[in-house]
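Since the structure comes first, as structure tokens, the remarks are kept for the end.
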Amino acid sequence: RLACVCVVVLKWLLPDNYIEILYLSIGLNDSFIYKMLPIEAFTCFPGQMWDKVLSKVKKAVVFMDDKCAESLHWNGGATSVFEAGARNLKEFSSFEAGGENEPKAVFVVSTLLKGRTADIIKDIIGLSHFQYCVVFTTVAHSIHLLANNVTAELEGNPVFEQFEEKLSEWMGDMNYTAEVIHAPVVFAPVSPQLLLAPTFAHLFPLLPQDLKTINIKRPEKKSTREESFAVGPMSRLIAGELANHPQAKSRRKTAPNKASIVFIDRTLDLTGAAGHHGDSLVEKILTVLQPLPGHTTDVQVDILELTNLQRIPDSQPTLAPGCLAQTQSSTARLLWETMLASKQKEAVMEVRRQLVEAASKENLPIKMSLGRVTPEQLCSYVQLFKSSWGALESHCGVLQLGLATAQTLRHPTLPRWDACLAFERLLLQALGDSDFAGVLRQLLPLMKPRGEEGYSSESSSGSRSGEDECGPDELLVLLVYLYSLAGEAQPADDEEEEDVEKVERELIGALTLVITRETELSPLLQKLTGCGSPDELTMERAHTAVEGVFETLRELSHARDHLKQFTSVYTASDGVHQATYRPFLRQVLEEIFHPDRPECPDIEHMSGGLTDLLKTGFSMFMKVSRPHPSDHSLLFLFLVGGVTPSELRLIREVVSAHKPGTQVLVLSTRLLRPTDVPELLFTTQRLVPDIGV
């Protein structure tokens with residue numbers, strides 16, 4: 001089976017008073033020789049980890065935190081918990097408790113068993129009448145040792161055993177039963193080729209200034225490492241620590257199968273993540289529909305049209321939402337995979353085809369129509385099913401995906417997507433003809449409070465009060481898009497650098513005014529400013545927040561400075577063809593699958609210890625083959641910081657074109673939408689992550 005979860009700890013990288021624990025649970029290592037299941041079991045591994053939890057939930061009330069709940073959501077959902085015999089499933093909160101007739105509890109958490117997590121468990125037990133408690137944590141015992149400043153290898157699981165004693169003490173009788181178990185239930189199998197790790201959804205690569213900060217106190221450290229490949233400084237750190245892990249070392253000695261793993265920093269190409277050029281239905285669904293509470297990937301699908309209920313204006317919905325994760329129906333699962341991997345037109349056509357096919361199976365009076373698919377057409381097909389409970393139950397997965405598609409296509413904010421895309425294309429053309437200050441100036445007309453005269457996607461002047469107007473969130477996305485391309489502009493001298501600073505000051509002032517004029521703060525603006533409502537927001541707080549945004553943007557503009565080959569994600573206009581964006585991921589994959597197998601200085605091979613050092617030395621005098629990412633028919637890509645749906649399609653297209661015999665499986669921290677990028681970049685504490693302590 002897949003090797004047990006590897007945990008990466010970067011404590012030695014950080015300032016003395018901080019611990020950063022990155023639970024990069026990768027279920028494999030990058031040594032080329034490790035024990036693993038066949039490729040078909042790639043998406044089965046998360047379910048097998050959940051089986052360990054489900055074996056303990058019989059007759060128990062289950063308390064689960066949001067990150068584990070999101071993983072469960074894609075691994076059978078709450079249904080699997082109740083089918084395993086659980087009495088109830090509740091939020092992991094100090095305000096929850098078990099009933100008098102519920103003596104057994106199971107806790108499933110994604111954090112260390114100390115600090116806030118321990119306090120919540122104690123609170124729940126104190127309000128209940130438990131006699132048997134089982135605690136599952138996704139954090140390995142070795143990390144608990146490090147969190148308690150224990151670096152020596154100890155026999156057994158002393159930290160877990162101590163927590164078991166605390167559980168018995170909180171239950172009020174040391175003879176009551178308590179268990180603490182490590183279960184790496186961190187993966188969400190979003191598709192057969194993609195595993196996400198919701199636990200690490202806010203993990204984001206370090207920027208150049210972050211690296212300078214931690215290197216001030218970082219000792220020079222040399223160590224033996226297993227073979228792996230990394231593109232970017234954060235990936236290099238993770239790959240090196242992973243290879244150094246004791247489990248990786250032992251697995252390298254015994255595992256019979258071979259594969260390659262390449263880690264890639266998301267910050268090396270935020271143009272692709274922030275841009276609106278992906279032609280992906282799923283990207284639009286994730287962007288315009290509200291996320292499920294506590295989730296980073298799935299969204300709320302309004303299923304009112306499947307009922308006879310009437311919509312009441314300005315009232316809170318009483319109907320539980322539908323979602324994208326369809327784990328019970330194979331037909332719905334295949335439709336979701338098609339939507340995820342296809343272009344928008346193909347995906348929408350497939351949604352219609354599946355709805356027509358489902359209606360035909362149930363002998364429903366469907367009116368066939370060809371040509372363009374409209375949201376009204378999709379809704380009319382869906383509404384046919386509400387007259388038959390059996391048909392509704394049989395096809396509820398496909399119906400939810402059909403409604404998600406229809407609600408996205410008719411969403412009032414969708415025109416903003418096209419408006420952003422139009423302006424991104426304008427910026428691309430300007431980059432090759434102007435210095436960066438000149439390109440930045442083109443953003444100034446957009447920086448107007450809502451409703452005031454400014455940029456319109458239809459003309460150079462007009463009103464921003466239409467549906468295609470860009471609000472503060474979209475403006476921040478456009479800034480990220482542009483600064484990720486800053487190195488592509490014409491080289492600047494000292495005078496032009498001063499011009500850039502001048503334009504930035506104008507943009508800071510204008511964006512500050514835009515934010516302070518908002519009548520309601522979006523979740524992004526709340527996190528950015530630290531204010532829950534416009535009443536709390538002062539001009540000074542907004543200005544300070546925007547200044548911080550531009551400091552980060554300047555760092556972002558240097559993200560590829562250390563690279564030698566993959567320095568650009570831009571192709572300038574040649575007079576015949578327009579300037580275009582060149583995806584960083586495409587460049588990396590084309591280099592990996594190049595038939596000549598050239599050595600690329602930016603795809604860094606991590607040393608495999610003494611043997612590899614000797615090999616390197618001998619290669620100076622004789623022909624010795626160094627490891628290459630394309631050496632094996634199985635390649636894992638780990639995108640640190642997130643992956644977009646359009647990039648999943650790109651991976652499939654590149655592999656099919658260049659090396660169709662290779663199986664490429666993707667792991668990442670989250671499925672990205674454009675608006676996720678400013679949140680991760682501007683509001684995430686990269687050096688001081690929240691680990692619940």
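The values are calculated or read from the model by the stated rules, or taken from the named source; none is laboratory data. Remember, it's a predicted structure, so these values are computed and weren't measured experimentally. Here the Cβ is made from the backbone with ideal geometry for all residues, glycine too, and neighbour counts use every protein chain on show. Keep in mind that these areas ignore ligands, DNA and RNA; they rest on the heavy atoms of the full protein, side chains included. Shrake-Rupley method; radii C 1.70, N 1.55, O 1.52, S 1.80 Å.
Within the option set 80, 94, 55, being of a type in the set (Ser, Thr, Tyr), open to solvent by 10 Å² or more (accessible area, probe 1.4 Å), within 30 Å of residue 337 (Cα to Cα) and over 26 Å from the mean Cα position of the chain (by Cα) holds for one residue only, 55. State whether one or more residues within the stretch 576-585 are in a helix (DSSP H, G or I), open to solvent by less than 40 Å² (accessible area, probe 1.4 Å), under 29 Å from residue 600 (Cα atoms) and out of contact with any Lys or Arg (no Cβ under 8 Å at 6 or more places or on another chain). Within the stretch 576-585, one or more residues are in a helix (DSSP H, G or I), open to solvent by less than 40 Å² (accessible area, probe 1.4 Å), under 29 Å from residue 600 (Cα atoms) and out of contact with any Lys or Arg (no Cβ under 8 Å at 6 or more places or on another chain). Filtering the stretch 99-112 to residues that are open to solvent by 10 Å² or more (accessible area, probe 1.4 Å) and either over 20 Å from residue 200 (Cα atoms) or of a type in the set (A, V, I, L, M) (or both) leaves 99, 100, 101, 102, 103, 104. At least 2 residues being under 30 Å from residue 341 (Cα atoms) and either in contact (Cβ under 8 Å) with a residue 60 or more places away in the chain or over 13 Å from the mean Cα position of the chain (by Cα) (or both) is the threshold, and among the strands (runs of 3 or more DSSP E) wholly inside the stretch 152-205 those reaching it are 188-191, 194-196. Could you tell me whether any residue of the stretch 533-541 is in contact with a Lys or Arg (Cβ under 7 Å, 6 or more places away or on another chain), surrounded by 14 or more Cβ atoms within 10 Å (Cβ to Cβ) and outside any loop (DSSP other than H, G, I, E, B)? Taking every residue of the stretch 533-541 in turn, none turns out to be in contact with a Lys or Arg (Cβ under 7 Å, 6 or more places away or on another chain), surrounded by 14 or more Cβ atoms within 10 Å (Cβ to Cβ) and outside any loop (DSSP other than H, G, I, E, B). If I filter the stretch 113-150 down to residues being β-branched (Val, Ile, Thr) and part of a helix (DSSP H, G or I), which single residue comes out as most open to solvent (accessible area, probe 1.4 Å)? Looking at the filtered set, the residue picked out is 120. Going through (1) surrounded by 19 or more Cβ atoms within 10 Å (Cβ to Cβ); (2) at pLDDT below 95 one by one, residue 153 falls short only on (1). Screening residue 612 with (1) open to solvent by 50 Å² or more (accessible area, probe 1.4 Å); (2) in a helix (DSSP H, G or I); (3) at pLDDT below 85 gives one miss only, at (1).
Per-residue answers, yes or no, for (1) over 27 Å from residue 296 (Cα atoms); (2) out of contact with any helix residue (DSSP H, G or I) (no Cβ under 8 Å at 6 or more places or on another chain):
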{"residue": "487", "(1), (2)": "yes, yes"}
{"residue": "491", "(1), (2)": "yes, yes"}
{"residue": "520", "(1), (2)": "no, yes"}
{"residue": "526", "(1), (2)": "no, yes"}
{"residue": "545", "(1), (2)": "no, no"}
{"residue": "549", "(1), (2)": "no, no"}
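Can we say residue 638 is at pLDDT 90 or above and of a type outside the set (Val, Ile, Thr)? Considered against the rule, which asks whether it is at pLDDT 90 or above and of a type outside the set (Val, Ile, Thr), residue 638 comes out as yes. No other residue among 485, 507, 476, 511 is surrounded by 21 or more Cβ atoms within 10 Å (Cβ to Cβ), at pLDDT 90 or above and touching a strand residue (DSSP E or B) at 6+ places or on another chain (Cβ under 9 Å) apart from 485. Could you identify the single residue in 69, 97 that is within 22 Å of residue 116 (Cβ to Cβ), in a loop (DSSP other than H, G, I, E, B) and at pLDDT 65 or above? Sole residue among the options that is within 22 Å of residue 116 (Cβ to Cβ), in a loop (DSSP other than H, G, I, E, B) and at pLDDT 65 or above: 97.
Scan the stretch 286-324 for residues that are polar (S, T, N, Q), without any contact (Cβ under 8 Å) to a residue 24 or more places away in the chain and open to solvent by 70 Å² or more (accessible area, probe 1.4 Å) and the total you get is 4.
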